[in-house]
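Since the structure comes first, as structure tokens, the remarks are kept for the end.
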Amino acid sequence: MIAILLHIGQDISIFSKDIVAIIDYSTIQESESNQEFLKTAEEEGFLMSLTDKPHSFVVTIDRIYLSPISAITLAKRVGEFPK
């Protein structure tokens with residue numbers, strides 16, 4: 001299996017196989033569940049912010065990243081990986 005890295009902002013790249021979800025950050029205002037999810041992740045030390053103005057959050061098997069890159073762009077990048 002080829003290890004594919006996805007750049008998600010700043011100098012951070014993650015293995016595509018570790019991605020659980022890529023979610024548009026605007027859903028935070030619309031969803032109490034997402035607000036609580038990110039609050040809990042922050043309190044427990046699993047949240048890593050890569051920007052002051054996140055456009056997406058990327059959920060991996062061991063961390064959640066607030067990314068300055070849109071969910072659509074990240075999803076397109078993942079879709080470009082060879083299967």
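The values are calculated or read from the model by the stated rules, or taken from the named source; none is laboratory data. None of the values given here were measured: they were computed from a predicted structure. Here the Cβ positions follow ideal geometry from the backbone for every residue, glycine too, while neighbour counts run over all protein chains shown. In case anyone asks, the SASA skips ligands and DNA or RNA and just uses the protein heavy atoms, side chains included. Shrake-Rupley method; radii C 1.70, N 1.55, O 1.52, S 1.80 Å.
Among the residues of this structure, Ile72 does not count as one that is modelled with pLDDT under 90, out of contact with any strand residue (DSSP E or B) (no Cβ under 7 Å at 6 or more places or on another chain) and β-branched (Val, Ile, Thr). A Cβ distance below 7 Å, combined with a sequence gap of six or more or placement on separate chains, defines the contacts here; from region 35-55, residues that are touching a residue at least 24 places away in the same chain (Cβ under 8 Å) and hydroxyl-bearing (Ser, Thr, Tyr) reach residues that are surrounded by 15 or more Cβ atoms within 10 Å (Cβ to Cβ) and not in a strand (DSSP E or B) in the pairs Thr51/Pro68. All conditions but one from (1) modelled with pLDDT of 95 or more; (2) open to solvent by 100 Å² or more (accessible area, probe 1.4 Å); (3) not small (Gly, Ala, Ser) apply to Glu32; the one that does not is (1).
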